[in-house]
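Please read the structure below before turning to the comments.
The values are calculated or read from the model by the stated rules, or taken from the named source; none is laboratory data. Source: prediction; values computed, not measured. Neighbour counts run over all protein chains shown; Cβ positions are idealised from the backbone, glycine included. What goes into the accessible areas is simple: the full protein's heavy atoms, side chains included, and nothing from ligands, DNA or RNA. Shrake-Rupley method; radii C 1.70, N 1.55, O 1.52, S 1.80 Å.
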Amino acid sequence: MKKVLSLILAVAMLLSVASVAQAAKFADVDENYSWAEASIEALSENGVITGYEDGTFKPGKSITRQEAITLFSKALGASAESNQEIVNFAYGIYEVDLEECADSYAVKQGAYLVYRKVLTIDEVIDYLSADNRNLELKRCEAATLIAKALAADNWLENNKDIDKTLTYADVDEIPAKYIDYVYYTTTLGIMGDMGDNKFGPNEMVTRAQVAVMIKRIADMMNFEFVGGVIARIDTLNNSISVKTADGETLKFVVNNSDAVYIDANRATINDLEAGMEASLIFSNGALYEIDAISYTEDETFSGAYVSQKTDTTGTTIKIENVSTGAISSYKLAANAVIFYNGEAVENVEKLRASDYVTVQISGGLVVRLTAQPKEEVITSLKVTAVDATAADGVTITVTDKNGKETSYIVKDDASVLKNSVKAPITDIVVGDTVTLTLEYGVVAVIKATGVSKTLEGTIEEITISNATSYITISKDGSKTRYIMSRNCTVTLEGDAATVYDLRLGSYVKLKTESETVVAITAEAVESALQVTGTIKTINASYGLVIIEVQTASGGVAEKQLFIKDSTKILDSATGKSFTIKNLKVGNIITAAGTEKLGVYEVNAIMVLQ
């Protein structure tokens, strides 16, 4: 059965303060309150309104701002059992923001009104602050709360051009910020004049008036609430199934116009997920709003399914820890959501011994159970990361064809094949297409396919880190960044090197597998050289001259210059050409040429002194 709570039942507690149940008549609801008598009697006969021990209702007693927050939050379902998860969740979100009114008994209800977009944080603080909470509620304030509870802000925003002129004799006494809300409640017939065509904006709201307001809103909206866990979402037919606390599964059609919220944020039916706690709000029998909260479990456990037992107290399952062999028992909540091979099922009857199960536990009970055979083969996956530094061992992260990303732990003895050849896990690189075989959720077999390519260009940037290293090359004005494999080999001028030997501007050829660089072949960069220094050593046989130069810091350093047969050497004083044999230790020279891999080849020398 649908768990239903009507609006008038929701506010019953507000109107009973140290009171006892009465029949339809109260001693003090006399001809002076004839305008409220029918509403009071109707609510009383339904057991909603209770009077005081002396047989009175105290219809003229004012209500406070704090009581008003409680009233209107309950009118929107805050006291409904099916909404308690939402109420608690809302308080968890706004508890810090509402800290200054935390000692108010209505603070949770205030948070709920913020969650439902009825009031803002600042408005709730204004109502529940220590200075304001016990102030009596004015009629203009009541009009505002009623209007906001009925989503008047949206209507007013969409109807700015409507003439909202009020004809009350005391319209000038209504503060400007309340005018639109008074117009709204007046138009709906929920509030009206107090006699002599006066609205009485600054008069206090009484218990009798509250009874009339509740009855009018109840007749207009007839709110009902259904709460539970989302068991299935059918986006093709725009429907959802909700499993209630007593284990019954109910199906509802969701129209595009229905408001859907997840964690207080506007969403669509496509954003809902099985396992979310949800409250469905109905008005006059039609779905009005869906409030869902992201699932948060106290504990998650995975293992091998052993058995189940169902009796009058419910269903209990046993799960074996595949690492230790220990067996634990878990009791299912009545509205636990159960999936087998990705399909929602009503119970655990389809599970078989040794199936791989994952249970999510909240409040000591299993609220979500997913199960599949012990071994699962997943195909058409693309590798996005391989992490050998994870605390649990090597992990592989993949995306499926729908773009969903998942990480798996890889067994130490996992079988790895790359292009049908046995390979170490380090050969699996980003971009590889893989098929994973899982045993109890852990990767036991990897079959990978990679496509080799050769690319070339000039190094623009190199980023080296413990996690992922990158190299960026440019060609024809286009820059591209690539991931470098941890085992990437580097060859520089034909010799084995490391990535640290590479220089910006070097011309490189990259060998890639899938989207990852596995080998780099580089040519050294030649840069122009011009240096001035004093000759310290000359070896004419090897064409070597060592000079001492001043450094930028004021020190000295040595540079080895290699003189070629074609090198031109001129004496600045005479203009005569020299050879290396004419040079002397102590000569001050300026040499021009190129530097490559730390070797200075000189094209010309000018002897200065």
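What FRET efficiency do you get for LYS117 and LEU166 if R0 is 30 Å and r is their Cβ-Cβ distance, rounded to the nearest 0.05? Efficiency computed from Cβ-Cβ geometry: 0.70. The dipole here belongs to the stretch 462-563: it is taken about the Cα centre, uses +1 on the Cβ of Lys and Arg and -1 on the Cβ of Asp and Glu, and is about 220 debye.
As a test of the formula, what do you get for the chain when each DSSP H run with n ≥ 4 contributes -39,500 (n - 2.57) and the sum is divided by the residue count, at 222 nm and rounded to the nearest 500 deg cm²/dmol?
Working: 10 runs with 98 residues, N = 609.
One gets -4500 deg cm²/dmol as the mean residue ellipticity at 222 nm.
A simple spin-label model places the labels of ALA267 and THR454 5.2 nm from each other, with each point 7 Å out along Cα-to-Cβ.
Computed with every protein chain present, the accessible area of LEU188 is close to 70 Å² [probe 1.4 Å].
Applying a 10 Å radius around every beta-carbon, put 545-551, 347-353 in order of their mean neighbour count, most first.
Peptide ranking by packing, descending: 545-551, 347-353.
The angle between the Cα long axis of helix 84-94 and the longest principal axis of the Cα atoms of the chain comes to about 50 degrees, rounded to the nearest 10.
Here the stretch 255-321 has 40 percent of its accessible surface on carbon and sulfur atoms, given a 1.4 Å probe and all protein chains in place. In the context of the full protein assembly, GLU157 retains an accessible surface of approximately 110 Å², using a probe radius of 1.4 Å and ignoring ligands and nucleic acids.
With a cut-off of 9 Å between beta carbons, the residues surrounding ARG207 carry a summed charge of +2, where Lys and Arg count +1 and Asp and Glu -1. Relative contact order of the chain: 7 percent, from C-alpha pairs under 8 Å at least 6 residues apart in sequence.
Projecting the Cα atoms of TYR94, VAL171, PHE301 onto the charge dipole of the chain (Cβ charges, centred on the Cα centre) puts PHE301 farthest toward the positive pole. Protection proxy ranking for 537-543, 161-167, 212-218, using the average of other Cβ atoms within 10 Å per residue and placing the highest first: 212-218, 537-543, 161-167.
Report, to one decimal in Å, the Kirkwood hydrodynamic radius for the stretch 320-392 based on all distinct Cα pairs. For the stretch 320-392, inverting the mean 1/r across all distinct Cα pairs yields 14.5 Å.
Stokes-Einstein, applied to the Kirkwood radius of the stretch 148-292 over Cα pairs at a viscosity of 0.890 mPa s and 25 °C, places its translational diffusion at 137 µm² s⁻¹. Given contacts defined as C-alpha pairs under 8 Å and at least six residues apart, what's the relative contact order of the stretch 360-430, whole-number percent? Across the stretch 360-430, relative contact order equals 22 percent.
The slack between ASN582 and GLU343, meaning 0.36 nm per residue of separation minus the straight C-alpha distance, is 76.9 nm.
Mind jotting down the distance between the C-alpha centroids of the stretch 499-524 and the stretch 98-168, whole Å? With the stretch 98-168 and the stretch 499-524 each reduced to a Cα centre, they are spaced 65 Å. What FRET efficiency do you get for ALA388 and THR480 if R0 is 25 Å and r is their Cβ-Cβ distance, rounded to the nearest 0.05? Result of the calculation: an efficiency of 0.45.
When +1 charges are put on Lys and Arg Cβ atoms and -1 charges on Asp and Glu Cβ atoms, the dipole computed for the stretch 195-300 relative to its Cα centre reaches about 600 debye. For the stretch 164-180, list residues with backbone N below 16 Å from a point placed 7 Å from the Cα of MET220 toward its Cβ? The answer is 179-180. Rounded to the nearest 20, the size of the Cβ-charge dipole of the stretch 250-400 about its Cα centre is 380 debye, with Lys and Arg at +1 and Asp and Glu at -1. Partners of LYS576 within straight-line reach, counting lysines whose Cα lies under 16 Å from its Cα and excluding those fewer than 8 residues away in the same chain: LYS568, LYS584. Local charge for THR120 was computed over the other residues whose Cβ lies under 11 Å away, with Lys and Arg +1 and Asp and Glu -1, and equals -3. The share of Cα pairs per 5 Å bin across the stretch 453-532, counted from zero up to the longest distance, runs 3, 15, 28, 26, 15, 6, 3, 2, 1, 0 percent.
Using +1 at the C-beta of Lys and Arg and -1 at the C-beta of Asp and Glu, which of THR389, VAL253, ILE471 has the Cα lying farthest in the positive direction of the dipole of the chain? Towards the positive end, the residue furthest out is ILE471. The simple Förster model, with R0 at 56 Å and r as the Cβ-Cβ distance, assigns THR56 and SER294 a FRET efficiency of 0.70. A 1.4 Å probe run over the stretch 466-540, with the rest of the protein chains in place, finds 57 Å² accessible per residue.
Out of all DSSP beta bridges with both ends in the chain, state the antiparallel percent to the nearest 5. Once the DSSP bridges in the chain are tallied, antiparallel ones form about 85 percent. The simple spin-label model puts a point 7 Å past each Cα toward its Cβ; for GLU95 and GLU439 those points are separated by 4.4 nm. In this simple spin-label model, placing a label point 7 Å from the Cα along the Cα-to-Cβ direction at both GLU375 and LYS401 gives a separation of 2.3 nm.
Can you put LYS509, LYS559 in order of accessible area, largest first, using a 1.4 Å probe?
I get LYS509, LYS559, largest accessible area first.
Sorting 126-133, 56-63, 564-571 by their mean Cβ neighbour count within 10 Å, with the most densely packed peptide first, gives 56-63, 126-133, 564-571. Compared with the direct C-alpha span, the chain from THR534 to THR498 gains 9.5 nm at full extension, assuming 0.36 nm per residue. Are any of the pairs LYS479/LYS509; LYS164/LYS198; LYS243/LYS309; LYS148/LYS198; LYS61/LYS164; LYS422/LYS511 more than 25 Å apart by Cα-Cα distance, and if so, which? Exceeds cut-off: LYS61/LYS164. For volume of the Cα convex hull per residue in Å³, the value computed from the atomic coordinates appears in the list (1) 194; (2) 283; (3) 292 under label (3). Taking 0.36 nm per residue of separation and subtracting the Cα-Cα distance, full extension of the segment from ARG352 to THR551 would add 63.9 nm.
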